[in-house]
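Q: Sharing a structure here in structure tokens format.
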Amino acid sequence: MIDRATVDRIYAAANVVEVVSDFVSLKKKGVNYMACCPFHNEKTPSFVVSPAKGLYKCFGCGKGGNAVTFVMEHERLTYVEALKWVAKKYGIEVEEREETPEEKQRNDDRESMMVVNSWASDYFAKQMYETDEGLSVGRSYFASRGLSDATIKRFGLGYCPESRASREKDTMTQDALRAGYKEHYLVDTGLTIKRETGGYYDRFCGRVMFPIHSISGRVVAFSGRALASDNRAKYLNSPESIVYSKSHNLYGIYFAKSAIARENHCILVEGNIDVVQLHQKGIENVVAPLGTALTVEQVRLIARFTPNITLLFDGDKAGVKAALKGVDLVLKEGLNVRVVVLPEGEDPDSYARSHTADQIRAYVEENQRDFISFKSSLYAREVERDPIRKGELIEDIVGSIVLIPNKIQRSVFIKECAKIMDVDEQLIVSEVVRRSVGAQYGAEAREFVVREQARQSREEVAKEALTRGPHTAGSSMTELEREITGYLIKYGHLTLDYREGRETVHFNVAESIFDSLEGDEIYFRDERYRALVACYKEHNQELGVGVKVPEHYFIELDNPEASSAAVDILTEGDNHKQSVIWKEHDIASESEEERLGKIIPKAIILYKSKAIEAIISTLNEELAALPEDDDAGLARILEAIAMLNNERNKIAKQIARNIL
């Protein structure tokens, strides 16, 4: 681990303009520098580097951070790797603190397992090319699939010997032990299965091998395909371990990541061989799940490189079913998803073998559909003369729309659904709300329908929003935590006036936030904002009340996610600027300080209310799980709920008086 003093030296030396200039051609514009964003395709520059604040921000795609996080994002490095990269640039010797015995053991185990996997990958490749069994079984199989030696070697494909002459089927394990590798690591990686009766068994014996690489290119696991027509599973993957989690990895991601970022597009297929075949054709922005249905973690891994995913699946029922499941998962993560179904009887492997790269790209381009078109086309014949089935299809499509977190995209797809299914748009809006209320998007959905149904009265809504401030009773806890953190970072040093009935109350912003929340033992749930608040509190104690905490403390925080959140807060537009509508109607507006004096206490009140509701909900769950004879526990929980309800009633009165 890098000690804090070294991290501070790295941040102190790092010049964000110099670091970014190593990768991007910057042009000076005023006090800042500008360029086309390196993280998304654009013709008009929206990528800004501020030397004064020590940060970068793209106002097109939203990415932002400091010199270290830029290197992380651009070079796909971990936080520690990025720190070392910047340290090397400025000639700083990296001092790392001594690991605990537990950390050292875990790191040693991890590295040893990586070494074993690397040896096994080379072993399988040699077995395929240097033994009669490997050539006649393994190499022949890959040749029958049309794979060249160059492709085989690029992906490290190989063969695990079966050695039919040996009943033990432990050739690989015995060779590994003779080479000096420990049984413990062979078993932990899943390469070897230890028999209860003694001896070993090679997990992948008699299978052609596909090494699974991490995003950095190290072999973390294997996928083996059976060739014999027996009762064995067709594909077998390494078990979960400290170096491998199938839900967090994608086959081919190491070979595809540059192409995905360059083309701003990822093609997702079902199988390992599909990936290899398409790469051989020159289509390299392709990956596949690892023997499981698509997972949230896999979607998020793709999202590091692009927000655009195309699902390219077989034309059979299983392929369509997999596509339908994948669509909703991608939508829920806020990415753009399209679906391409290959002609009946084809899969990406067979289609790639019989078509050129240009033909494959043309087919994908001409046949990709958004999820609404995809679902409606699947059941077009069924619903054409069946109103009941049509209604079910609309509900199914709405179920996908509800998952989309971006409100603008959701609105666009509502229009699209209404157009394709030939139904009234307001009915779709209502159905979105019906499916959302009470679920994950409850409060947000209610706001959404109000916004959709109030298009004719936008001026009144805007005027009301300005009066209330950026927060409403429907705001989520995360939104309020972000808002309060923003007030703390930007205005924590100010002393403001707040009208409480007929009295005017003077309050320091930082002290008011800390006293109101910590006094009731209420703390932020989002780790990013909790880290920023802790950073403010630490430096506020050093500097004293009324002294502004410099912004670079938050931008250079030893927490990339919190640092990125700080950049977003510090570069967002002023939420309290005077309304254009008010100007048009010549309505006098309050000063910024007067508005803050009203808005900040309201935000704190709303957050306390939601926090108390969450605590009560947790206590009710504890109450339901309490044993019947636990009278002391029952009394304790009921007393706590009563106290919280009393506090909630007080807050409700404040909200009614000051906000609503």
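Computed from the coordinates by the stated procedures, all read-outs in this text should not be read as laboratory data. All values derive from a computational prediction rather than experimental measurement. Every residue, glycine as well, gets a Cβ built from its backbone with ideal geometry; the counts of neighbours run over all protein chains shown.
Q: Give me the orientation-averaged projected area of the Cα convex hull of the stretch 179-335, in nm², one decimal.
A: The orientation-averaged projected area of the Cα hull of the stretch 179-335 comes to 11.1 nm².
Q: Please report Rg over Rh for the stretch 248-368, where both radii come from the alpha carbon positions and Rh follows the Kirkwood definition.
A: 0.92
Q: Sticking with this one: Considering the stretch 101-244, what Rg and Dmax in Å follow from its alpha-carbon atoms?
A: Rg then Dmax for the stretch 101-244, in Å: 15.0, 51.
Q: With unit charges on the beta carbon (Lys/Arg positive, Asp/Glu negative), name the residue among I242, A143, V115 whose Cα is farthest towards the positive pole of the charge dipole of the stretch 101-244.
A: A143
Q: Moving to a separate point now. How many nm is it between the label spots at V412 and E75, if each spot is 7 Å from the Cα in line with the beta carbon?
A: 3.5
Q: Figure the gain on full extension for I616 and D424 (residue separation times 0.36 nm, minus the Cα-Cα span) and round it to one decimal in nm.
A: In short, 65.1 nm is gained.
Q: Could you sort the peptides 282-290, 358-366 by per-residue average Cβ neighbour count (10 Å cutoff), highest mean leading?
A: Ranking the peptides 282-290, 358-366 by packing returns 282-290, 358-366.
Q: Rounded to two decimal places and with Rh computed the Kirkwood way over Cα pairs, what is Rg over Rh for the stretch 4-89?
A: Rounded to two decimals, Rg over Rh is 0.96.
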